[in-house]
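One structure is given here, and the rest of the page talks about it.
None of the figures in this text is laboratory data; all of them are computed from the coordinates on show. No experiment lies behind these values; they were computed from the predicted model shown. We place every Cβ from the backbone using ideal geometry, glycine too, and count neighbours over all the protein chains shown.
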Amino acid sequence: MRAKKEAVVGGYVHIEIAGQMHRVYYETAGAGQPLLCLHTAGSDSRQYRELLNSEALTANHQVICFDMPYHGKSSPPAGWEKHEYRLTSDLYVQTILSFMDAMEIHNPIALGCSIGGRVVLHLALKHPERFKALIGLQSGAHVNPYYELDWLHRPDVNGGEVCAGIVSGLIGPNADSQDRWETLWHYMQGGPGIFKGDLHFYKSEGDLRGMVQKIDTGKCPLHLLTGEYDYSCTPEDSQDLARLIPGSHFEIMPGIGHFPMSEAPHAFMNHLLPVLQRIQSGQHK
Amino acid sequence: MNTKQTTSNANEWLVHRGRFVNVTFLLKKGEAEYLVTIREGSVVQIKPGPHVMPRWTFALVADDDTWQRFWAPEPQPRFHDLMAMVKFKTLKVEGDQAVFMSNLLYFKELIQQLGSQIHAS
């Protein structure tokens, strides 16, 4: 029997971000309109494994994912051991643009989940001309901390176990068991303090309240998709966002939680493909 | 499939995962209080109140309706997970949370299973 081999290709690219060189891992599949996918806090691009393998998507899209520095197979920069990792809006935006420049990705659709869903709002504000469209999954202007973040990074608590424990309920209750535990496995493998450092952007520094009203969907279309069971960024949070941004398009994904592409990839495709068709046909709403 | 056998194996695996857990915690359901004692991952006692001078390390406090919703066969969003209930302030975690947070996946599953026993008590 021939072994199943995926058509996904991986590689490393060396890019300068905020004055420091970084070794960044990426995966890509398909050809056509670039679709740049951004993973959640404390995880990596394995969350997009099914999108990379979806023929419905790769037939006319080049799906591209990368692991942010410190995540997955991307290295932390030199000197990481001397300070606490903290993601900021500027660093995140620079990372995305530097990766696009290095990989010569032009006019992509950027799709981001959670922190990725937040950063697409920053991209919409600061660099709308560089994107064909933006898709925010579990996207909100702000999330208040609802637990003590120090639990995520302390030597007497296993970081992998506690990070998975924190996010496990964010997965919809009917998710396929294998997809649920694969999603948690990524969290169990995160480096010490990295999930917490990403949440600095998500729950503190990257707050866009009072700013999202300035997003101009005439410059770059914005689509928002949010899972019903997400209690970190709730459907109401995304609904509020959609109300504040004229021309944005918003849908709730029933039965799904915070990680649509990883916990319920097939159900998610039923929401994503129509959005991509709208973008392709130039239909904004 | 032998459901009883499957459940038993699942419990054995849960006990294994909690093999370093030795604690007594309080589960408060409205006015009702249960002191749950765990030794090496196994529940050895569920003691219903009223209690005189109870001793516990941490407490999970929610009203009766919240626990009923949590233990429903298909819980609605916001009642499907302990941390979801913490976020929406329908559940309070009190006391020393170290053992709870260090074994969060274990406790999430254990509390789920405790529903049938506490309903029956």
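Report the label-to-label distance for residue A:147 and residue A:59 in nanometres (one decimal), using points 7 Å from each Cα along the Cα→Cβ vector.
4.2
How many Cβ atoms of partner chains, on average, are near each residue of A:140-147 if near means within 10 Å of its Cβ?
The per-residue average across the peptide is 2.
Restricting the count to DSSP beta bridges whose residues both fall in chain A, what percent are antiparallel, rounded to a multiple of 5?
Bridges in chain A that DSSP calls antiparallel: roughly 40 percent.
What distance in nm separates the two pseudo spin-label positions at residue A:1 and residue A:126, each 7 Å out from Cα along the beta-carbon direction?
4.9
Got a sec to turn the phi values of segment B:92-107 into Karplus ³J(HN,Hα) couplings, 6.51 cos²θ - 1.76 cosθ + 1.60 with θ = phi - 60°, whole Hz, x for Gly and Pro?
10, 9, 10, x, 8, 8, 4, 5, 5, 6, 5, 10, 4, 5, 4, 5
Under the definition of partner shielding as Cβ atoms of other protein chains within 10 Å of a residue Cβ, what is the mean value for peptide B:72-84? Don't skip to the answer; put the middle values down first.
Values: counts 0, 0, 2, 2, 3, 11, 3, 1, 7, 9, 3, 10, 9.
For peptide B:72-84, the averaged partner shielding equals 5.
Residue A:133's amide H: which non-local residues (gap 5+, or another chain) put their own amide H closer than 5 Å, with H modeled 1.01 Å from N in plane and none for Pro or chain starts?
Distant-sequence amide H within range of residue A:133: A:109, A:110.
For chain B, what does the helix formula give at 222 nm: sum of -39500 (n - 2.57) over DSSP H segments with n ≥ 4, over the residue count, nearest 500 deg cm²/dmol?
That calculation yields -12000 deg cm²/dmol at 222 nm.
If you keep only loop residues by DSSP, which GluC sites (Glu not before Pro) in segment A:28-96 have at most 10 other Cβ atoms within 10 Å of their Cβ?
Those that pass, being in a loop and sparsely packed, are A:84.
Between residue A:281 and residue A:23, what is the FRET efficiency for a Förster distance of 41 Å, r being their Cβ-Cβ separation, to the nearest 0.05? List each step's numbers first, then the result.
On the way: r = 39 Å, r/R0 = 0.95.
So, using R0 = 41 Å, E works out to roughly 0.60.
Roughly speaking, what is the centre-to-centre gap between segment A:1-49 and segment A:71-94 when only Cα atoms are used, to the nearest Å?
After rounding, the separation between the Cα centres reads 17 Å.
Scan chain B and hand back the longest stretch that contains none of the GluC sites (Glu not before Pro) lying in DSSP loops with at most 13 other Cβ atoms within 10 Å.
Result for the longest clean stretch: B:41-121.
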